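Quick notes on the structure that follows.
The values are calculated or read from the model by the stated rules, or taken from the named source; none is laboratory data. All values derive from a computational prediction rather than experimental measurement. Reconstructed Cβ throughout: ideal geometry from the backbone, glycine too, with neighbour counts over all protein chains shown.
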Amino acid sequence: MSNIAITPKPPYFAVIFTSTRTDGDEGYSAMADKMVDLAAAQAGFLGMESVRSGLGITVSYWASLEDIKAWHKNAEHQFAQKMGYQKWYQAFKVRICKVERDYDFERNIGSD
């Protein structure tokens, strides 16, 4: 499950960021990479999953609501949010939820 975040036993929290982009990059890719690195260094960060094919969905996992609030208030993250409003997003929605249960499956290739 290399692209699936490894998270601890619940409960923990998820921030689901769903977006549609404007045309062009205008620094978006570089900022997105920077935000992944910055988030990973934040207290309480547990992991992240992201996909984009027209509609973008990024889910980040956090130990507490306080950790999510601290990330939201991070100055560099706030600058990226401002750029998102001004340049990069046509629309977005943020959902914050508590994960109370999770389970997984992984196929072992080559084993019977």
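At-a-glance table
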quantity	calculated
Hits in the stretch 62-76 (condition: surrounded by 17 or more Cβ atoms within 10 Å (Cβ to Cβ) and part of a helix (DSSP H, G or I))	Asp67, Ile68, Trp71
Criterion violated by Gln86 - all others in (1) within 11 Å of the chain's Cα centre (by Cα); (2) among the polar types (S, T, N, Q); (3) assigned to a helix (DSSP H, G or I) satisfied	(1)
Some residue of the stretch 76-83 being of a type in the set (Gly, Ala, Ser) and within 14 Å of the chain's Cα centre (by Cα)	yes
Residue that is nearest to Val59 (Cα to Cα) [pool: residues in the stretch 89-100 that are within 13 Å of the chain's Cα centre (by Cα) and charged (D, E, K, R)]	Arg95
Residue within the stretch 23-37 that is charged (D, E, K, R), in a strand (DSSP E or B) and surrounded by 10 or more Cβ atoms within 10 Å (Cβ to Cβ) present	no
Condition met for Ala5 (modelled with pLDDT of 95 or more, within 13 Å of the chain's Cα centre (by Cα) and in a loop (DSSP other than H, G, I, E, B))	yes
In the stretch 8-20, residue surrounded by the fewest Cβ atoms within 10 Å (Cβ to Cβ) [restricted to those that are more than 19 Å from Gly44 (Cβ to Cβ) and either modelled with pLDDT under 95 or under 12 Å from the mean Cα position of the chain (by Cα) (or both)]	Thr18
Condition met for Ser64 (touching a strand residue (DSSP E or B) at 6+ places or on another chain (Cβ under 8 Å) and of a type in the set (Ser, Thr, Tyr))	yes
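For every residue, the table says whether it meets (1) out of contact with any strand residue (DSSP E or B) (no Cβ under 7 Å at 6 or more places or on another chain); (2) within 17 Å of Tyr103 (Cβ to Cβ); (3) of a type outside the set (A, V, I, L, M, F, W, C); (4) without any contact (Cβ under 8 Å) to a residue 40 or more places away in the chain.
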residue: Ala5; (1), (2), (3), (4): no, yes, no, no
residue: Ala14; (1), (2), (3), (4): no, yes, no, no
residue: Arg21; (1), (2), (3), (4): no, no, yes, no
residue: Gly27; (1), (2), (3), (4): yes, no, yes, no
residue: Ala30; (1), (2), (3), (4): yes, no, no, yes
residue: Val36; (1), (2), (3), (4): no, no, no, yes
residue: Gln42; (1), (2), (3), (4): yes, no, yes, yes
